[in-house]
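I have placed the structure first, in the form of structure tokens, so that the comments after it can refer back to it.
The values are calculated or read from the model by the stated rules, or taken from the named source; none is laboratory data. Small disclaimer: the values here were computed from a predicted structure and weren't measured. Please note: Cβ atoms are built from the backbone with ideal geometry, for glycine as well, and neighbour counts cover all protein chains shown. Protein only, heavy atoms only, side chains kept; ligands, DNA and RNA dropped before computing areas. Shrake-Rupley method; radii C 1.70, N 1.55, O 1.52, S 1.80 Å.
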Amino acid sequence: MSQRLALRVLPVLAVGIMFFGAAAVYGQSYPSKIIRVVTAVPGSANDLGARLIAQGLTNTLGQRAIVENRAGLLGIEAVAKSPPDGYTLLFFGNGGIYFSGFFQTDVTWDPEKDFSPITLGLTSPNVLAVHPSLPVKSPKDLIALAKARPGDLNYASGPLGVEPHLAMELFKSMTKTNIVRIGYKGTGPSVSALMGGEVQVMIANAGTVMPQVRGGRLRGLAVTTEKPSPLAPELPTLTTFVPGYISGVFIGLFAPAKTPAAIISLLNQEAARALTRAETKKLLFESGLEAVGNSPEEFAAILKSEFAKWGKLIKALDIRKE
């Protein structure tokens, strides 16, 4: 057993024998070559988090970790089919992992069976926002108005199946309201449409919406986290008005299924360390993101809940690739 692996992994595992068994089967020198962290396009939250993790792994594991940007779902597929040896990882958000596997017919991987969760890396809440001209001051007011005028209100979203679309459909389902979707090419055009009064309502990421709320161009009604968010501390939680409602961006680190537990534990420890350093958390917060860095077991529990919630909704909506 290498001294490097022993020093880093043994404190994490409850039973040293479990580590020795995994290391004996899969080799005693991990990592001994470059680690690839596959993620989405440059400039995205996925990319920022992946680069912070890669830098952290490089600094602490003694081997270079690099980021590989792959557009669309190609990166997810590539990691799912990679050897479970800890050298190919995935840092991706719920838009790819949770959603696409349910409604895209060309997906060749199973979001629940083909990956080993390492840690939930980053989160960012959504915000329920309306055009300032709409006569509502709270989610309760919005729900009452929507019920009084079924089909009269419109909401903006990007393409079918992306997070803002599904977040709003979840809201409609849980409140039994009829608010009509108006589709746009992306979040930017959707927010512009809301500010311009083309639509009245939207649920979108806090990093995108809150600057407009604070500038008076939109009215924020609630944040979609379970507890108040430091990214939107002036807003109440939507779950206060709609019990159980939670949505937002969740970006996690994964390995291919059947990656040894010792390697998962090591990667969990070092990825969490990289994301939760004080200066890193500050950088992420300024980008509208909160660092998490929880355990594989905690992340797996979140995934199970998310799969169940969104899978049920997508099936009920009968969404197809747009």
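Could you identify the single residue in Arg51, Arg36 that is among the charged types (D, E, K, R), crowded, with 16+ Cβ neighbours inside 10 Å and part of a strand (DSSP E or B)?
Result of the check over Arg51, Arg36: Arg36.
List the number of the failed condition for Ser265; all other conditions in (1) open to solvent by less than 60 Å² (accessible area, probe 1.4 Å); (2) closer than 30 Å to Pro84 by Cα; (3) out of contact with any Phe, Trp or Tyr (no Cβ under 9 Å at 6 or more places or on another chain) hold.
Here Ser265 meets the rest and fails (3).
Taking the condition outside any strand (DSSP E or B) and either without any contact (Cβ under 8 Å) to a residue 60 or more places away in the chain or over 26 Å from Phe307 (Cα atoms) (or both), does Ile263 pass? Talk me through it step by step, then tell me what you get.
Details: outside any strand (DSSP E or B): yes; either without any contact (Cβ under 8 Å) to a residue 60 or more places away in the chain or over 26 Å from Phe307 (Cα atoms) (or both): no.
So Ile263 does not fit the description; no.
In the range 294-317, what residues are over 30 Å from Pro159 (Cβ atoms), surrounded by fewer than 16 Cβ atoms within 10 Å (Cβ to Cβ) and in contact (Cβ under 8 Å) with a residue 60 or more places away in the chain?
Glu298
All but one of (1) part of a helix (DSSP H, G or I); (2) touching a helix residue (DSSP H, G or I) at 6+ places or on another chain (Cβ under 8 Å); (3) within 20 Å of Tyr245 (Cβ to Cβ); (4) of a type in the set (A, V, I, L, M, F, W, C) hold for Val191; state the number of the condition that does not hold.
(3)
Report the residue count in the range 268-293 for those that are in a helix (DSSP H, G or I), open to solvent by less than 50 Å² (accessible area, probe 1.4 Å) and of a type in the set (A, V, I, L, M).
The total comes to 5.
Among the numbered criteria (1) under 26 Å from Glu286 (Cα atoms); (2) over 21 Å from the mean Cα position of the chain (by Cα); (3) buried (at least 19 other Cβ atoms within 10 Å of the Cβ), which one does Val209 miss?
Exception for Val209: condition (2).
Could you go through the range 84-95 and let me know if any residue there is part of a loop (DSSP other than H, G, I, E, B), open to solvent by 10 Å² or more (accessible area, probe 1.4 Å), more than 17 Å from Leu120 (Cα to Cα) and touching a residue at least 60 places away in the same chain (Cβ under 8 Å).
Yes, because at least one residue in the range 84-95 is part of a loop (DSSP other than H, G, I, E, B), open to solvent by 10 Å² or more (accessible area, probe 1.4 Å), more than 17 Å from Leu120 (Cα to Cα) and touching a residue at least 60 places away in the same chain (Cβ under 8 Å).
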